1. Can you tell me which residues in region 25-74 are at positive phi and at pLDDT below 85?
2. Let me spell it out: the conditions are (1) free of Cβ contacts under 8 Å to residues at least 12 places away in the same chain; (2) closer than 30 Å to Tyr185 by Cα; (3) in a helix (DSSP H, G or I), and Thr114 meets all of them except one. Which number is the exception?
3. Just for region 133-148: of the residues that are of a type outside the set (D, E, K, R) and surrounded by 14 or more Cβ atoms within 10 Å (Cβ to Cβ), which one is modelled with the lowest pLDDT?
4. Is it the case that region 43-63 has a residue that's in contact with a Gly (Cβ under 9 Å, 6 or more places away or on another chain), buried (at least 21 other Cβ atoms within 10 Å of the Cβ) and either without any contact (Cβ under 8 Å) to a residue 12 or more places away in the chain or assigned to a helix (DSSP H, G or I) (or both)?
5. Scan region 79-96 and give yes if some residue there is free of Cβ contacts under 8 Å to residues at least 60 places away in the same chain and within 14 Å of the chain's Cα centre (by Cα), otherwise no.
6. With touching a helix residue (DSSP H, G or I) at 6+ places or on another chain (Cβ under 8 Å), under 21 Å from Asp172 (Cα atoms) and charged (D, E, K, R) as the only criterion, which of Arg49, Arg95, Arg148 stands out?
7. So if I check each of Ala19, Ala76, which one is assigned to a helix (DSSP H, G or I) and assigned by TED's automatic domain parsing to the domain that holds Ala115?
Amino acid sequence: MGSSQADKAASHDRIVKAASRRIRRDGIDNVSVAELMKQAGLTHGGFYRHFDSRDDLVAEAIDAALSQGSERVHAAAKLGGADALGAIIDAYLSRLHRDKPETGCAVAALPTDTARADARVRAAYSQQVRTYLDLLAELTPARDRDERHLILAALVGALLLARAVDDPDLSDEILESAARALHRYVDDPR
């Protein structure tokens with residue numbers, strides 16, 4: 001690849017990474033092409049050398065956000081079984097994850113945005129949900145596989161609530177109580 005093609009690819013990557021972070025932090029509707037291009041060190045006019053439309057950028061950024069945001073979950077899953085599930089619970093329901101949505105799980109950051117997005121975005125989001133459900137099924141093989149839906153809903157729901165409330169103590173309480181309940185459930189699923 002020539003240096004101009006390499007430069008273009010690097011610029012494209014910077015734009016997508018910036019959009020991925022911004023979308024997870026601020027939502028799809030709050031992403032400004034002009035701001036992203038400035039953040040990537042490029043002019044607004046150069047946008048169309050990289051993307052046909054804002055929707056194309058959003059779709060690519062959502063794909064990147066879903067992939068990047070799930071890296072920690074997949075790393076924890078390598079522990080296997082209950083240890084992996086415990087590590088996922090602790091990482092997912094942590095203050096760090098709550099306070100840094102721009103680097104966290106896009107499944108938790110974007111459910112309402114995705115419900116209103118185009119088919120490409122919804123398909124990517126749906127695929128990531130399926131990936132998480134499959135991963136949870138592998139970590140809980142002795143159980144009814146339908147319980148994986150409950151675990152994922154509890155993780156995402158608790159994180160969403162903790163991010164939404166304006167009381168820091170209540171936010172911490174939501175994270176901590178959800179984590180305790182999930183740990184009890186994982187240890188004794190009766």
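1. Gly41
2. Going through the list (1) free of Cβ contacts under 8 Å to residues at least 12 places away in the same chain; (2) closer than 30 Å to Tyr185 by Cα; (3) in a helix (DSSP H, G or I), Thr114 breaks only (1).
3. Step one: of region 133-148, the residues of a type outside the set (D, E, K, R) are 133, 135-137, 139-142.
Then drop every residue that is not surrounded by 14 or more Cβ atoms within 10 Å (Cβ to Cβ), which leaves 133, 135-137, 139-140.
Details: Leu133: 93, Leu135: 90, Leu136: 90, Ala137: 87, Leu139: 85, Thr140: 81.
Of everything passing the filter in region 133-148, Thr140 is modelled with the lowest pLDDT.
4. Scanning region 43-63 turns up no residue that is in contact with a Gly (Cβ under 9 Å, 6 or more places away or on another chain), buried (at least 21 other Cβ atoms within 10 Å of the Cβ) and either without any contact (Cβ under 8 Å) to a residue 12 or more places away in the chain or assigned to a helix (DSSP H, G or I) (or both).
5. For region 79-96, residues free of Cβ contacts under 8 Å to residues at least 60 places away in the same chain and within 14 Å of the chain's Cα centre (by Cα): present.
6. Sole residue among the options that is touching a helix residue (DSSP H, G or I) at 6+ places or on another chain (Cβ under 8 Å), under 21 Å from Asp172 (Cα atoms) and charged (D, E, K, R): Arg95.
7. Result: Ala76 is the single residue among Ala19, Ala76 that is assigned to a helix (DSSP H, G or I) and assigned by TED's automatic domain parsing to the domain that holds Ala115.
Conditions (1) polar (S, T, N, Q); (2) over 26 Å from Ser177 (Cβ atoms), marked per residue:
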residue: Val58; (1), (2): no, yes
residue: Ala61; (1), (2): no, yes
residue: Ala65; (1), (2): no, yes
residue: Gln68; (1), (2): yes, yes
residue: Lys78; (1), (2): no, yes
residue: Gly104; (1), (2): no, no
residue: Ala117; (1), (2): no, yes
residue: Arg120; (1), (2): no, yes
residue: Thr140; (1), (2): yes, no
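The values are calculated or read from the model by the stated rules, or taken from the named source; none is laboratory data. These figures come from a predicted structure and were not determined experimentally. Using ideal geometry, Cβ is built from the backbone for each residue, glycine included, and neighbour counts are taken over all protein chains shown.
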